[in-house]
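Student: Input: one structure, supplied below.
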Amino acid sequence: QLIGENTKLRVAGRVGLRDDRIALEATGNADLGILQGVFRDVRGSGKAELRAAVNGPIRAPAFSGSAVVTNGRIRHLSLPGLDNINGAIRFDSRGIQLDEVTASMGGGPIQFGGRIGLEGYLPGELNVLMTGQDIRLRYPEGIQSVVDVDLALRGNMKAQIGRAHV
């Protein structure tokens, strides 16, 4: 069990080193502040209810389940932050599905869609869409802009291709 402030996760199962197989299940609640321990430049808050499993060969695992985020907030130190993150992030054998996730940035609503593929335990192929309206940004420097945006991020973690329509 992992227990901390607003966090109570239970991980159970088996990692078979002799047969190179994994069968783990994680359930419970986590505070998104836990992201700070994984990503140095990211700050988070809010709640995620996790029900997920990883099964199969250790080198090619299959994920399943979901994480339901409630009132989340994520800030990267060099980018505008996401507030009021809500929705279900789904895990399946093909990766991570984002179609039910909403948030706000700069006071405007944002809708996420698409998929992040997994290569083993790491993000792989990207096909993520973000649509937002009335987003207030301080860009260019010294000017406050209000924008609508459609952003598509495709490629993989080594070579992303972003296409924006502002």
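The values are calculated or read from the model by the stated rules, or taken from the named source; none is laboratory data. Model, not experiment: these values are computed from the prediction. All Cβ positions, even for glycine, are placed from backbone atoms using ideal geometry, and neighbour counts span all protein chains on display. Just so you know, the surface numbers come from the protein's heavy atoms only, side chains and all, with ligands and any DNA or RNA stripped out. Shrake-Rupley method; radii C 1.70, N 1.55, O 1.52, S 1.80 Å.
Student: Looking at Asn127, Asn86, Asn55, Asn71 in this structure, which one is within 30 Å of Arg18 (Cα to Cα) and open to solvent by 40 Å² or more (accessible area, probe 1.4 Å)?
Tutor: Working: Asn127 fails: within 30 Å of Arg18 (Cα to Cα); Asn86 fails: within 30 Å of Arg18 (Cα to Cα); Asn71 fails: within 30 Å of Arg18 (Cα to Cα).
The match here is Asn55.
Student: So, one more: Quick check, is Leu35 under 14 Å from the mean Cα position of the chain (by Cα) and either closer than 25 Å to Ile161 by Cβ or basic (Lys, Arg) (or both)? Walk me through it before giving the result.
Tutor: Details: under 14 Å from the mean Cα position of the chain (by Cα): yes; either closer than 25 Å to Ile161 by Cβ or basic (Lys, Arg) (or both): no.
It is false that Leu35 is under 14 Å from the mean Cα position of the chain (by Cα) and either closer than 25 Å to Ile161 by Cβ or basic (Lys, Arg) (or both).
Student: Then there is this: When both residues are 6+ apart or on different chains and their Cβ atoms are under 8 Å apart, which pairs have a first residue that lies in the range 1-14 and is more than 12 Å from Ala48 (Cβ to Cβ) and part of a strand (DSSP E or B), and a second that is of a type in the set (Asp, Glu) and open to solvent by 100 Å² or more (accessible area, probe 1.4 Å)?
Tutor: Val11/Glu25; Ala12/Glu25; Gly13/Glu25
Student: Quickly run through the range 142-163 and pick out the residues that are without any contact (Cβ under 8 Å) to a residue 12 or more places away in the chain and closer than 20 Å to Ser104 by Cβ.
Tutor: Looking only at the range 142-163, we keep the residues that are without any contact (Cβ under 8 Å) to a residue 12 or more places away in the chain, and these are 142-145, 158-159, 161-162.
Correct list: Gln144, Ser145.
Student: Another question about this same structure. Right, Val128: over 27 Å from Val38 (Cβ atoms) and either touching a residue at least 12 places away in the same chain (Cβ under 8 Å) or outside any strand (DSSP E or B) (or both) or not? Write out each step before concluding.
Tutor: Values: over 27 Å from Val38 (Cβ atoms): no; either touching a residue at least 12 places away in the same chain (Cβ under 8 Å) or outside any strand (DSSP E or B) (or both): yes.
Taking the combined requirement at face value, the residue does not satisfy it.
Student: Sticking with this one: Return yes when Asp150 is open to solvent by 80 Å² or more (accessible area, probe 1.4 Å) and of a type in the set (D, E, K, R) and no when it is not. Please lay out each step first, then the result.
Tutor: On the way: open to solvent by 80 Å² or more (accessible area, probe 1.4 Å): no; of a type in the set (D, E, K, R): yes.
When the stated conditions are applied, Asp150 does not pass them.
Student: Is it true that some residue in the range 18-39 is on the phi > 0 side of the Ramachandran plot, of a type in the set (S, T, N, Q), part of a strand (DSSP E or B) and open to solvent by 40 Å² or more (accessible area, probe 1.4 Å)?
Tutor: Scanning the range 18-39, I find no residue that is on the phi > 0 side of the Ramachandran plot, of a type in the set (S, T, N, Q), part of a strand (DSSP E or B) and open to solvent by 40 Å² or more (accessible area, probe 1.4 Å), so the answer is no.
Student: Moving to a separate point now. Restrict the check to the range 100-120 and report whether at least one residue is without any contact (Cβ under 8 Å) to a residue 24 or more places away in the chain, farther than 23 Å from Gly72 by Cα, in contact with a strand residue (DSSP E or B) (Cβ under 6 Å, 6 or more places away or on another chain) and open to solvent by less than 60 Å² (accessible area, probe 1.4 Å).
Tutor: The answer is no; no qualifying residue exists.
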